[in-house]
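A short worksheet on the structure shown next.
Every number here is computed from the coordinates shown, using simple stated rules; none is lab data. Since the model is a prediction, treat every value here as computed from it, not as a measurement. Counting neighbours? That spans all protein chains shown, and the Cβs are built from the backbone with ideal geometry, glycine included.
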Amino acid sequence: MISMEEILKAMLEAVSNKYDTREGSFIWDSLAAVAEQLSKLDDSITIAKEMFITSNLTGDELTTRVRDITGLDRRTAIKATGSVTVTGTGTINIGDLFETPGGIQFRATETKSIVTSGTVKIEALIAGSAGNVPAETITLFPITIAGFTTVINPDVGSGGFDEESDTDLVQRYYEKLREPATSGNIAHYKQWAKEVEGVGGVKVFPLWNGVNTVKVVIIDSDRQPATQTVVDAVQNYIDPDSAGLGEGEAPIGAYCTAISASALNIDISVGITLKTGYVLSTVTENIENNIVEFLKSIAFKEDFVSYALIGNAILNSEGVADYANLTLNGGTSNVTIDDEEVAILGVLDVV
C-alpha cells in the first residue's frame with residue numbers, strides 16, 4: 001500500500017519548478033487532498049486483491065467463496081450427547097436442564113418417569129466440543145425438578161464438535177480443486193468421508209481385503225480417534241453395511257469398510273527450568289496445550305512423532321526457560337506412527 005505522503009511527494013515532483021509547491025501553497029493544498037483520496041483508493045484495491053486469494057478469507061466470506069466455487073459447505077457444530085442418572089421419584093421431561101459446576105448446560109432429550117433412580121438421555125444445550133465433559137461432572141439442577149435430589153453423568157459426554165475451522169475448510173477447498181474426485185478414486189473416498197460432520201482426517205487403502213475392497217480410516221475434527229457414531233455415519237454415507245450395493249456414495253461393487261484410527265499414546269516425561277514468576281502447575285498446562293496442538297498438526301500427515309519437535313514445543317511453552325531429560329514412551333528417539341494410528345498425548349510428567 002502506498003502512503004499519502006509518498007503519493008504527494010511524487011505529484012509535487014512532477015510540478016514545474018516555476019510554481020510554488022511549498023506546504024501551505026495552493027498547489028500543495030490541492031494535491032494533498034487528492035493524494036489522501038488516492039491513498040485510500042490504493043488501500044481498497046489492495047484489500048480487494050487479497051480477497052481474490054481464498055486462503056486470505058475468513059468467516060462468512062470464506063464460507064460463501066468455497067460454496068460458490070466448489071459446492072462445499074462449512075461443516076456445522078454438533079451437540080455432545082450422553083446420559084445422566086437422577087435420584088428421586090417423578091418425571092423428567094424433554095428440555096429439563098442439568099449443568100456442570102463450570103456452567104455447561106444439558107437438556108433431557110426424552111420424557112421418562114423415574115422411581116427412586118433412573119437414567120435419562122441428554123444433549124448439550126450449545127453445539128460444540130465444550131459439551132464433551134468428563135464423567136461425573138454434570139451434578140447440578142439449574143432449575144429445581146420436583147421429586148429429584150441428585151444428578152450425575154456416569155460416562156463422558158461425547159460427539160460434540162465445533163464448527164469447521166477456517167483452516168480445515170480451506171484445506172478441503174484446495175483438496176477439492178487439486179485432487180479431482182471422480183469415478184470412485186482415492187480422492188473421491190476422501191471427499192465422501194470429509195463430507196460427514198465430525199471427520200477431520202482420512203486415509204484410504206485400496207484393495208486392502210482383495211479386489212473391489214476399500215478401507216477408509218478416519219480421525220475426528222479434534223484429530224483424535226473417531227467415535228463409533230462418526231464411524232457409523234461415514235460407513236452409512238459411503239457404503240451401508242459394507243454391502244457394495246451402491247446404496248451410498250460408493251459405486252456398485254465397491255466394498256468399503258470405515259474404521260477409526262487407533263490411538264497411539266505418547267507418554268512424555270521431562271524436567272524443566274521455570275522462568276521467574278511462573279509456577280509449575282500453570283507451565284505444565286501450557287506445555288500440555290502446546291504438545292496437543294503439535295500432535296494435531298501432524299495427524300495423518302507424518303509417520304513419526306519427532307523427538308526434537310516435541311522438545312521444541314516444550315521450550316516454546318510460556319514459562320519454560322529450559323528443559324532436560326526428555327523421554328517419549330520411555331525413549332529418547334522418534335516414535336513411529338503406523339498407517340492406521342493417530343498420535344495423542346498420553347501421560348505427561350513434568351518435574
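The table for this structure:
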item	result
Estimated D of region 282-351 in µm² per second, where Rh is the Kirkwood radius over Cα pairs and Stokes-Einstein applies at 20 °C, 1.002 mPa s	172 µm²/s
Low-density loop cleavage sites - GluC sites (Glu not before Pro) in region 131-180, where at most 15 other Cβ are within 10 Å (DSSP)	136
Spacing of the two label points (7 Å from each Cα toward its C-beta) at residue 53 and residue 41, in nm	2.5 nm
Candidate aspartates and glutamates for bridging to residue 9, where Cα separation is under 13 Å - those fewer than 8 sequence places away on the same chain excluded	23, 29, 36
Rounded if a/c under 1.5, otherwise prolate or oblate - region 147-254, Cα gyration tensor axes	oblate
Percent of beta bridges antiparallel (DSSP, the chain, rounded to nearest 5)	75 percent
Mean separation of Cα contacts under 8 Å, 6 or more apart, over the residue count of region 211-296: relative contact order %	28 percent
Calculated FRET value between residue 94 and residue 247, using beta carbons and R₀ = 35 Å, to 0.05	0.60
Among beta bridges that DSSP assigns inside region 264-350, antiparallel share in %, nearest 5	60 percent
C-alpha long axis of helix 166-178 to longest principal axis of the chain, angle in °	80 degrees
Gyration tensor (Cα) of region 4-52, equivalent ellipsoid semi-axes in angstrom	27, 10, 6
Largest-first principal axis extents, alpha carbons of the chain, Å	99, 58, 52
Rounded if a/c under 1.5, otherwise prolate or oblate - region 43-98, Cα gyration tensor axes	prolate
Fraction of antiparallel bridges per DSSP, region 176-289 only, in percent to nearest 5	55 percent
Amide H partners (placed H, <5 Å) of residue 138, local residues excluded	153
Whole-Hz ³J(HN,Hα) from phi, Karplus 6.51 cos²θ - 1.76 cosθ + 1.60, for region 287-302, glycine and proline x	5, 4, 4, 5, 5, 4, 5, 5, 5, 4, 5, 9, 4, 6, 10, 10
Partners for residue 296 among aspartates and glutamates (Cα-Cα distance below 13 Å; same-chain residues under 8 apart left out)	168, 220, 222, 288, 341
Length-normalised contact order of the chain in % [C-alpha pairs under 8 Å, at least 6 apart]	11 percent
Centre separation in Å (Cα based) which lies between region 302-346 and region 94-149	38 Å
Pairwise centroid distance, computed over Cα atoms, of region 1-55 with region 240-261, Å	62 Å
